[in-house]
Amino acid sequence: MNIEVNKDHPLFVYLPCGVGGGPGGVAYGLKLAFKDAVHCFFAEPTHSPCMLIGMMTGAHDQVCVQDFGIDNMTEADGLAVGRASGFVGKTLEKLISGDFTVDDDTLYLLLKALKDSENIFMEPSAFAGFPGLIKLLGSKSGQA
């Protein structure tokens, strides 16, 4: 496809994240390939933000969402993880550009929109990264 990825044409990637192994491996590989020309964001359910909590506290796998009064109950069952991988969190904490959460209602709205427009059905977890671009462009740092 001849798509250029460099500092003038950066790549932004929004990765659904549970324990962190899958998106962590993808993010790590992309950073090796494209260095500062790629910006990876993890997307987690609002009721299961284990990687976000682990990275924000620096405690990684030493804390779980329940320690913060979060119930870990989500329809995005592929991402319903209460405790993040310490290995992934420690390895990527300085490499990823951010982490955001998405609620189940938004996942269902996106699921319905794709089903209605393309007749494609996917698991709710698959939609976690979809709001990433909107969240980024709506943020102060996304305007810079």
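The values are calculated or read from the model by the stated rules, or taken from the named source; none is laboratory data. Because the structure is predicted, anything quoted here is derived from the model rather than measured. A quick note on method: Cβ atoms are made from the backbone with ideal geometry, for glycine too, and the neighbour counts reach across all protein chains shown. For accessibility, only protein heavy atoms count, side chains too; no ligands or nucleic acids. Shrake-Rupley method; radii C 1.70, N 1.55, O 1.52, S 1.80 Å.
If R0 is 35 Å, the Cβ-Cβ spacing of A33 and D71 corresponds to a FRET efficiency of close to 0.40. The distance linking the range 97-144 with the range 1-40 is 18 Å (Cα centroid to Cα centroid, whole angstrom). Charge tally around D36: other residues with Cβ under 15 Å, Lys/Arg +1 each, Asp/Glu -1 each, net +2. Secondary-structure-derived ellipticity at 222 nm for the chain, considering helices only, amounts to -10000 deg cm²/dmol, per-run term -39500 (n - 2.57) for DSSP H runs with n ≥ 4.
Percent of accessible area on the chain owned by carbon and sulfur, 1.4 Å probe?
Values: 4900 of 8240 Å².
That share works out to 59 percent.
Taking the Cβ of E93 as the centre, find all other residues whose Cβ is under 13 Å away and add up their charges (Lys, Arg: +1; Asp, Glu: -1). Charge balance near E93 sits at +1. Taking 0.36 nm per residue of sequence separation and removing the Cα-Cα distance, the K90/Y108 pair yields an extension gain of 3.3 nm. Residues I3, I53, I120, I70 ordered from highest to lowest accessible area at a 1.4 Å probe: I3, I120, I70, I53.
Using the Cβ atoms and a cut-off under 12 Å, what net charge is assigned to the surroundings of G54, where Lys and Arg are +1 and Asp and Glu are -1? Don't skip to the end; give the middle numbers.
Working: positive: R83, K90; negative: E44, D61, D67, E93, D99.
Computed value for this residue: -3.
Working from label points 7 Å from Cα in the Cα-to-Cβ sense, the F12 to I134 distance is 1.4 nm. When the C-alpha to C-alpha distance is required to be over 28 Å, the pairs from K35/K112; K90/K140; K31/K135; K35/K115 that qualify are K35/K112; K35/K115.
For the range 39-133, state which trypsin sites (Lys or Arg not before Pro) are in a DSSP loop and have at most 15 other beta carbons lying within 10 Å of their beta carbon. Spell out each step's value before the answer.
Numbers: sites: R83, K90, K94, K112, K115; in loops: R83, K94.
Qualifying residues, ordered by number: K94.
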